[in-house]
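What follows is calculated from the coordinates using simple rules that are stated; it is not laboratory data. Nothing here was measured: the structure is a model prediction, and the numbers come from that model. For neighbour counting, all protein chains shown are included, and Cβ atoms are generated from backbone atoms with ideal geometry for every residue, glycine included.
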Amino acid sequence: MHSLLSPYRMGILLLLISFGTISAVLLTPALPELAREFGVSESMAQLTMSIFLVGYTIGQLPYGPIANRLGRKKAVYMGIALMLVGSFLAIAAPSFWILVAGRFIQALGAAVGLKITFTMVSDCHSGQEATKAISLLSLAFALMPALGVTIGGYIIAYGGWRGCFVFLSLYAVFLGLLVLCLPETGKQIDRNALELKKIAHGYLNQFKSSTTVLNALLMGFISSSFYIFATLSPYIGIDHIGLSPKQFGLWNLVLCLGLFGGVTFTRWFAKKNRPQLAILIGICIMIPPILVMFFLFSFSWVTVWTLFIPASMIRIGSNTIWSNASSRGMSASTDKSNTSAVMQFLNLSVSTLGLFLIGFYSTTQIMLLPSAFLILSILLLVVWKKSSNK
């Protein structure tokens with residue numbers, strides 16, 4: 001069986017799993033600008049983010065049977081092609097709703113990156129090896145949002161918001177060339193994989209698995225924290241604190257400090273082979289900085305320091321939770337492709353629901369971000385307790 005743990009192959013997988021993440025957040029520094037240019041409200045401008053997550057979520061399920069029927073790499077190229085169609089539509093968008101449609105199509109294509117990356121890792125590795133690999137790949141869920149916002153800030157400053165979609169088109173083409181260098185990890189082609197009856201049966205079995213569902217929910221709460229921060233922090237940083245898009249993007253790099261701390265801890269703790277305990281430790285790491293942010297924001301002490309330093313510390317625990325929940329959910333599965341599709345579908349469904357609920361509140365409510373973090377930490381504890389009884 002092929003190994004994916006070489007630095008070169010892991011680098012390609014890191015770019016592949018980042019396909020959707022960077023596509024989702026690259027545009028966030030432009031949200032205030034989009035609202036002004038198209039004459040829509042700030043909450044309506046957030047639709048470009050939430051509609052992307054809807055497409056990203058829906059897109060997880062078709063690639064399961066497609067990857068089983070055509071192979072992992074051919075599924076990736078189908079996603080890249082769809083991503084390019086959506087990007088070109090967004091570049092030429094004459095109205096806000098055409099832009100939204102382009103974002104949705106873009107998301108359907110970008111969804112292939114997350115789903116196929118997990119499938120390929122699970123095809124080749126299990127146990128501690130899988131946890132370490134996923135921990136490293138989870139860089140995409142902390143580093144790429146920060147890096148994506150930073151890159152987006154500079155692109156928007158010099159090339160406008162349409163420049164973001166030009167960048168994403170080039171990213172997709174470059175990724176397609178790199179994927180040529182990866183091995184096809186599917187053990188065998190299932191010629192009946194696209195039969196509707198078989199698809200329904202395979203997914204139904206995964207939705208019935210409490211291990212799959214509970215660990216996917218843990219992943220979803222963590223992903224929600226990433227996307228909620230990516231959506232709300234531009235309004236806090238740019239509109240409230242007064243940062244420029246470039247300054248805001250650079251401050252997002254502070255989040256990388258917490259990220260690398262989380263990766264280091266996760267890879268070290270993986271040797272103990274106790275993922276359930278690791279998840280609890282991750283939750284305990286997250287709660288103190290959440291409480292600190294909540295306290296400081298409640299007294300209107302809102303600065304770059306009170307925004308980004310607690311958020312960076314939260315990332316230490318979130319990386320630990322996400323990596324171990326991912327590995328634990330996949331470890332007992334025999335159908336890696338469908339399991340990863342269902343887990344990512346549930347993961348992103350929770351994220352989409354979180355953003356949808358956030359949309360009911362004004363972005364000028366500073367307490368919205370720390371309150372959302374606090375609610376998510378409580379939900380993490382509840383689901384962890386439920387999963388520990390299984």
Open item on the list: Once each part is reduced to its C-alpha centroid, what is the distance from the range 30-80 to the range 242-310 in angstrom?
Closed with: 26
TODO: May I ask you to sort D123, D190 by Cβ crowding, counting other Cβ atoms within 10 Å and putting the fewest first?
DONE: D190, D123
Open item on the list: At q = 0.11, 0.12, 0.22 Å⁻¹, what log₁₀ I(q)/I(0) does the range 199-302 have when each alpha carbon counts as one equal point scatterer in the Debye sum?
Closed with: -0.53, -0.62, -1.30
Task: Rounded FRET efficiency, nearest 0.05, which uses the C-beta distance separating A92 from F299 and R0 of 45 Å - done: 0.45
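So, R0 is 41 Å and r is the distance between the beta-carbons of I189 and K385; what FRET efficiency does that work out to, to 0.05?
Between I189 and K385 the formula returns 0.50.
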Open item on the list: With viscosity set to 1.306 mPa s at 10 °C, what whole-number translational diffusion coefficient in µm²/s follows for the chain from Stokes-Einstein and a Kirkwood radius over Cα pairs?
Closed with: 77
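Quote the Stokes-Einstein diffusion coefficient, in whole µm² s⁻¹, for the range 41-113, based on the Kirkwood radius over alpha carbon pairs, a temperature of 4 °C and a viscosity of 1.567 mPa s.
104
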- [ ] Would you mind ranking H240, H125, H201 so that the residue whose beta carbon has the fewest other beta carbons within 10 Å leads the list?
- [x] H201, H240, H125
Task: Projected label distance in nm at I378 and T264, using a 7 Å step from Cα toward the beta-carbon - done: 3.4
- [ ] Based on alpha-carbon positions alone, could you give the equivalent ellipsoid semi-axes of the range 268-390 from the gyration tensor, as √(5λ), descending, whole Å?
- [x] 29, 18, 11
Task: Given charges at beta-carbon only (K, R positive; D, E negative), |dipole| of the chain in Debye - done: 1140
Open item on the list: Using Cβ counts within 10 Å as a stand-in for footprinting exposure, how do T150, T264 rank, fewest first?
Closed with: T264, T150
